[in-house]
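Every number here is computed from the coordinates shown, using simple stated rules; none is lab data. Because the structure is predicted, anything quoted here is derived from the model rather than measured. Because the Cβ atoms are built from the backbone with ideal geometry, glycine has one as well, and the counts that use them run over all protein chains shown.
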2 protein chains.
Amino acid sequence: MRRIPGWLLLGLAAMTAALAAPLTVTSPDGTLTVSFMVDDGSPRYGVTRFGRDLIGPSALGFVIHGAPPLDRDFRVTAESRRTIDETWVQPWGEQAEIRCHCRELRIELTGAETAARRLTLVFRVFDDGVGFRYEIPAQPGLDSLAIMDELTEFALAGDHRAWWIPAYQPERYEYLYRATPVSEMDRVHTPLTMETADGLFLCIHEAALTDYAGMTLARRAGHILKADLVPWSDGVRVRATAPLVTPWRTLQVADTPGGLADSRLILNLNEPCRLDDVSWITPAKYVGVWWEMHLGTATWGSGPRHGATTANAKRYIDFAAGHGFGGVLVEGWNVGWDGEWTRNGDLFCFTRPYDDFDLEEVCRYAAENGVRLIGHHETAAGIANYEAQLEEAFALYERLGVRTVKTGYVGYGQQIRRVDEAGRVHHEWHHGQFMVRHYRKVVEAAARHRIMLDVHEPIKDTGIRRTWPNMLSREGARGQEYNAWGGDGGNPPDHTTILPFTRLLAGPMDFTPGIFDLHFPEARPGNRVNTTLAKQLALYVVLYSPLQMAADLPENYRARPDALRFIQDVPVDWRHSRVLHARIGDYVTFVRQDRHSDDWYLGSITDDQGRILEVPLDFLEPGRLYVAEIYRDGPAGDWRTKPYDLEILAQPVTRETTLHLRLAPGGGQAVRFRPATEEDIHPLKEK
Amino acid sequence: MRRIPGWLLLGLAAMTAALAAPLTVTSPDGTLTVSFMVDDGSPRYGVTRFGRDLIGPSALGFVIHGAPPLDRDFRVTAESRRTIDETWVQPWGEQAEIRCHCRELRIELTGAETAARRLTLVFRVFDDGVGFRYEIPAQPGLDSLAIMDELTEFALAGDHRAWWIPAYQPERYEYLYRATPVSEMDRVHTPLTMETADGLFLCIHEAALTDYAGMTLARRAGHILKADLVPWSDGVRVRATAPLVTPWRTLQVADTPGGLADSRLILNLNEPCRLDDVSWITPAKYVGVWWEMHLGTATWGSGPRHGATTANAKRYIDFAAGHGFGGVLVEGWNVGWDGEWTRNGDLFCFTRPYDDFDLEEVCRYAAENGVRLIGHHETAAGIANYEAQLEEAFALYERLGVRTVKTGYVGYGQQIRRVDEAGRVHHEWHHGQFMVRHYRKVVEAAARHRIMLDVHEPIKDTGIRRTWPNMLSREGARGQEYNAWGGDGGNPPDHTTILPFTRLLAGPMDFTPGIFDLHFPEARPGNRVNTTLAKQLALYVVLYSPLQMAADLPENYRARPDALRFIQDVPVDWRHSRVLHARIGDYVTFVRQDRHSDDWYLGSITDDQGRILEVPLDFLEPGRLYVAEIYRDGPAGDWRTKPYDLEILAQPVTRETTLHLRLAPGGGQAVRFRPATEEDIHPLKEK
């Protein structure tokens, strides 16, 4: 029998004739309970864990243009329940097999006066969190509707510590996370991660964002958060036609930070794969003409320092072929970059290369060397211009054997130009329905041409890679490039210890790790990469992406073949992934098992504080001898003073071994565990 | 080569002729460094970890009555170093073998003007912390000295979060721990535990407190702490004769709370065992005439409800004999309790029983049943009265075969009456040199009579059990009894999740767990025990004590033989102890291996928040099958509403098993892991 949370009992005490008894649905393990009630005609929900409030009584509903609000005068006219327990397989990902196990409660609300008004709520309660969504059935006067506001609230049980980035800002999602009490937030993006005073970890986000506005969170009095849908320029939040199904609003909860990172709830709330054939979707590592532009030693635009030349592309292809990288990205290859390119949204041509870049020849040379060009579409947020060329652009790449395209949306200013049918110009937010539609349109067009996407300046990930597995990776946070030119000193050492528990809870991130030359006194004297070399290697395991770049220049890798070895070995597709221990903003250790071998990989990173961490290797197969290939900070390692102090060693380990990790300030450790071979055994025995 | 901390470089920049170059000594693993310098004649020290400050430049020295202060005009005249690496065995304890591995730096200071003034500092740097002490060599004018102040400072690197109890209070150490920034403390007791913003855990305490004043910590401006020695009534802090060796001042540091609890630094800084024969020192579990007095259903004093009657004692002896308890405590057996007993410090007689208590017969009956009486000396802080009877009292017990004596010092008011040679009356603090001398005198007297001690209202533990292993256990914090009559609602659910990382860092604690009847509506309607039943069992593993009481009444145990089974099985002497995971004030999980079998035991407890915790059983022996006897909260368990919801089950496990702990709000889990027997194997296989 389920405990009814305190606030509901109070609610019941103040019961009125219009108050229906609460409906509850509980997670399979019995710890999480969603309670739903209609309070004087208004739908309310709450969430408890072990009978303690996580979310107090919170509002639900909508304000619709020209119609009575969908948040009152309701009664429950139908309720249905089911248990979902199925295991599905990701074609690629951080985990191969995923179990979806939850209890669902579906509630149909009908207008108390008029049976015409209808609203449906669906709650799914997992052991690791809750998802709920609205369905607005077709009904008189709502066949075509304009949602002016979504009233969903999250009445947090306390003023939790939150890690957040502000919404409605010019740099989109690209801000350092701030850690403050919820009461110091204003309007923030999701995923919003929180730590309660007694050590629970919560994350509010959304799943399956399709033809709808992105949800940000606005703080109301105290620590009540409200869904704040990013509006169109005319103030409408969502334009739709009934029946409408909203994205899932999600609350993940765990006893440890790792519990959030290991949760697959967002994927479980997305639709199954829409593609019949996914054989062409292949995660890969890549290099490319990119970092030199961020260092300022080459340019995207044409001219004497143009990076995207046929010769330079071939230089990267040679390096890629020689070191086992599957892809070579070339940015700045196409006409449109000259001048202040962020203003060139209407000028980019996605089929016409610059004269010094022979696209056909580069693709031919790549194929000849067993490498594929990674295409690049920088739109400068010129949406109409890009959409007009979309089919042609993807068709060109498809014909040339390009399988992956990196897109970019660095617009001038914070809003995006939209020209309507009547030719009127509007300025839209980056994260509203207009852009959500655009990003989805690109995903679907790409799929038709067997193209995988790596979207920079994206809409946040809400797990649609399950439905559209060609949607591989995204940026959507401060990546490596901020270390090259960030006027603010770049990413501090704690940045990458926060990302796995904030940005990456949404999905994979193309952070572009692997910088070996951490200082650039000529190119960018004022900047540096604020890590040790070992930490750059560990990031390949810590920051999951199916497309993982080796972001530095070939010459810098050739100078450190010993360290490069790890980047060549580390996979980008996993059978299992697990956090071993973490403190958000301080340190984190991930282990992942290669999808295509018995190898395991460990990545551990820390902030400015050096650490000694113990790792029992209980993830290894019992009774099997492994060789641990360890890349760690040296005894004097310190990102400030000795960032290149790297020790590489191999040692025999088994499941019984406990590894002692010694992370230097701003440092890390990367380890490959491979089953020992005959050749290993003899020398190892001699040790 | 060691990094010199920033503040020292600054110090050097401002170098004067009088400033010697810093001397540094580093831990065996290279992470911790102590730096010592003489700054313009004044000794200073600091501590860094991974090159980051833990303790900034901090003062050292003394103010001596009638002599020039020992904190200035010094120069370094000798320095010596050595490495200590030895493993020693505890006759009993939380761990059998203990490795002492540290680097020592010994510095001799001599007066700059006059070679007569001398002061020696000894630093020992371990991987898990630092200890340092002073030696004041015999020197002209200081053969007999009065220390007016010890100037030792701990300049913390930040305003850390601290768990503390206030010093100079009437209830001695018996307060709930407060968690605040250091800047909100005034004068506090040690151990003082702190958590830094970037996730380091620190503890300041002292080791080997012998003929000296107890050290409390007074906060100076900001987050600088200063040694505040508890003074004699005349203001003198310490009376001594040179040569004088002070206790060790200790700083423990770890990356996790468990790292503090698993540290043996305090013991390693104590002197080796002084006793030739320790065969008579035997940890044990006990029951006794105690809880009924706290419930108010019996009295310590004589009368109709007198608890310490021959008949009642025999009733407990029968229960003890029947359930394998080695000892029976009987409080209130001796003359002196009548009236307001806390004022009877001069009236207690430690050799004369009340008429209804036949001491000889009780001891005979106990022996006949294979049980030993646990003696009891409540002094009501009448020190002179107790010391006058000490030899006689211990001799009596020795003759009667009593091996353990529980002492008590519940004085009226916060200070202790001392009558000097001239018959003048003084009032002394509980934790000053006067009482330190008394407590040590009792330990040594007890040892002569082969008596083990369990001291309530004690001086804090500083590890002298290594030197005097008959000093078994102490109270020195809010124990179980506060749940019976604490006017403040008793101990909240988080109390026992804080104790292992504060009070118990000093040493074993006689908390007296095991209350089964959690409500007492007749006896104490306003009070209850704020845990589940399962949590009471888990406390036997979480709160280490070589003397562990089953504190409830025999009838309450007879009502729950299923739960009592765990208390009967759990040992009190361990080969290994380890914290698996913890958040101070939220939850903690300990595992310990029995010293005398291959069994392992697990205890996990939580605060008001229910938890799901995962425990890989990697501490078990590889390739061996165990039976896990699990005592856990039931699905509806909750200390508020369903505290008795206890599930007991047995399941086969191996080192490869991961146990999922489900702790109810205010709950816990206790597990015994025993190697499977032939009888187990067959039925287990059938499951």
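Stick to Cα atoms and the Kirkwood definition of Rh, then tell me Rg/Rh for chain A.
Values: Rg = 25.8 Å, Rh = 26.3 Å.
Rounded to two decimals, Rg over Rh is 0.98.
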What list of ³J(HN,Hα) values in whole Hz, one per residue of region B:249-260 in order, does the Karplus curve 6.51 cos²θ - 1.76 cosθ + 1.60 (θ = phi - 60°) give from phi, with Gly and Pro shown as x?
8, 10, 10, 9, 9, 8, 7, 9, x, x, x, 5
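With an 8 Å cut-off on Cα pairs and a minimum separation of 6 or more residues, tell me the relative contact order of chain A in percent. Don't skip to the answer; put the middle values down first.
On the way: 1770 pairs, mean separation 69.6, N = 687.
Answer for chain A is 10 percent.
Out of all DSSP beta bridges with both ends in region A:284-476, state the antiparallel percent to the nearest 5.
Numbers: 6 of 26 bridges.
Given both bridge residues lie in region A:284-476, the antiparallel proportion sits at roughly 25 percent.
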I'd like to know which of B:Tyr626, B:Trp429, B:Leu396 lies farthest towards the positive end of the charge dipole of chain B, counting +1 on Cβ of Lys and Arg and -1 on Cβ of Asp and Glu.
B:Trp429
Considering only chain A, pick the residue with its Cβ nearest the axis of the rotation onto chain B, and state the distance in whole Å.
A:Asp618, 2
So what's the net charge close to A:Asp128: Lys and Arg +1, Asp and Glu -1, counting the other residues with Cβ under 12 Å from its Cβ?
0
Against the 2.2 N^0.38 Å rule of thumb, the C-alpha Rg of region A:487-526 sits at a ratio of 1.44
One decimal, nm, nearest first: from B:Ser279 to the same residue in each other copy, label points 7 Å out along Cα→Cβ, the values are 8.1
So what is the relative contact order for region A:9-268, in percent, with contacts set as C-alpha pairs under 8 Å and at least six apart?
17
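Considering Cα pairs under 8 angstrom that are at least six residues apart, work out the relative contact order of region B:45-155 and quote it in whole percent.
On the way: 206 pairs, mean separation 32.3, N = 111.
For region B:45-155, the relative contact order is 29 percent.
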Starting from the 7 Å offset along Cα-to-Cβ, what nm value, one decimal, do you get for the label separation of B:Glu398 and B:Thr351?
1.4
Taking the Cβ-Cβ separation of A:Glu135 and A:Asp159 as r and a Förster radius of 30 Å, what is the calculated FRET efficiency to the nearest 0.05?
0.35
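Magnitude of the Cβ-charge dipole of region A:620-672, K/R +1 and D/E -1, about the Cα centre, nearest 20 debye?
The calculation lands at about 60 debye.
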If Lys and Arg each add +1 and Asp and Glu each add -1, what is the summed charge of the other residues whose beta carbon sits under 12 Å from the beta carbon of A:Ser42?
-2
Given the protein assembly as shown reduced to its alpha-carbon atoms as identical point scatterers, what log10 I(q)/I(0) does the Debye formula return at q = 0.04, 0.05, 0.08 Å⁻¹?
-0.28, -0.44, -1.05
Where the Cα atoms of region A:474-607 are projected onto their three principal axes, how long is each span, largest first, in whole Å?
43, 32, 24
Nearest-first distances (nm) between copies at A:Arg75, label 7 Å from Cα via Cβ
9.8
Taking only the alpha carbons of region B:371-493, the radius of gyration and the largest Cα-Cα distance, Dmax, both in angstrom, are 15.4, 50
Across peptide A:556-564, what mean number of C-beta atoms from other chains lies inside 10 Å of a residue's C-beta?
0
Quick one: 3J(HN,Hα) in Hz for region A:653-661, Karplus 6.51/-1.76/1.60 with θ = phi - 60°, rounded, Gly and Pro as x.
9, 9, 4, 8, 6, 10, 8, 9, 8
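Once Rh is set to the Kirkwood radius over Cα pairs, what Stokes-Einstein translational diffusion coefficient, in µm²/s, holds for region A:284-476 at a temperature of 25 °C and a viscosity of 0.890 mPa s? The partial results should precede the final answer.
Working: Rh = 16.9 Å.
Diffusion coefficient, whole number: 145 µm²/s.
Per residue of B:606-616, how many C-beta atoms from partner chains lie within 10 Å of its own C-beta, taken as a mean? Walk me through the numbers on the way to the answer.
Details: counts 4, 2, 3, 9, 7, 8, 10, 2, 4, 0, 3.
Mean partner-chain Cβ count within 10 Å for B:606-616: 5.
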What are the residues whose amide H is under 5 Å from the amide H of A:Leu225, where those residues sit 5 or more places off or on another chain and H is modelled from the backbone?
A:Phe154, A:Ala155, A:Leu156, A:Arg220
Where the centroid of each part is defined by its Cα atoms, how far is region A:325-382 from region B:231-261 in Å?
69
How big is the antiparallel share of DSSP beta bridges in the protein assembly as shown, given as a percent to the nearest 5?
85
How large is ³J(HN,Hα), in whole Hz, for each residue of region A:504-510 in order, when computed from phi with the Karplus curve 6.51 cos²θ - 1.76 cosθ + 1.60 and θ = phi - 60°, using x for Gly and Pro?
6, 5, 7, x, x, 10, 8
Compute the FRET efficiency between B:Thr641 and A:Ser183 as 1/(1 + (r/R0)^6), taking r as their Cβ-Cβ distance and R0 = 22 Å, and round to the nearest 0.05.
0.10
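Among residues other than B:Ala284 whose Cβ falls under 15 Å from its Cβ, what is the net charge (Lys/Arg +1, Asp/Glu -1)? Let's see the in-between values first.
Working: positive: B:Lys285, B:Arg372, B:Arg403, B:Lys406, B:Arg450, B:Arg595; negative: B:Asp454, B:Asp510, B:Asp569, B:Asp573, B:Asp594.
Computed value for this residue: +1.
Over region A:547-687, what number does the Rg to Rh ratio reach, with both radii from the alpha-carbon atoms and Rh per Kirkwood?
Numbers: Rg = 15.3 Å, Rh = 15.9 Å.
On the Cα set of region A:547-687, Rg over Rh gives 0.96.
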Cβ-vector label at 7 Å, A:Ala96, separations to other copies in nm:
4.3
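Residue by residue through B:193-200, how many Cβ atoms from other chains fall within 10 Å of the Cβ on average? Please list the in-between numbers first.
Details: counts 0, 0, 0, 2, 4, 12, 11, 4.
Mean partner-chain Cβ count within 10 Å for B:193-200: 4.
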Nonlocal amide H pairs with A:Asp39, under 5 Å, H built at 1.01 Å:
A:Arg44
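Rounded to the nearest 0.05, what FRET efficiency is calculated for A:Arg72 and A:Ser279 with R0 set to 60 Å and r the Cβ-Cβ distance? Walk me through the intermediate numbers first.
On the way: r = 52 Å, r/R0 = 0.86.
Here the calculated transfer efficiency is 0.70.
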Rg and Dmax of region B:9-268, Cα atoms only, in Å:
18.1, 53
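Return the percentage of antiparallel bridges among DSSP beta bridges fully within chain A, rounded to the nearest 5 %.
Details: 143 of 167 bridges.
Given both bridge residues lie in chain A, the antiparallel proportion sits at roughly 85 percent.
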Between B:Leu472 and residues 5 or more places away or on another chain, the pairs with built amide H atoms under 5 Å apart involve B:Leu453
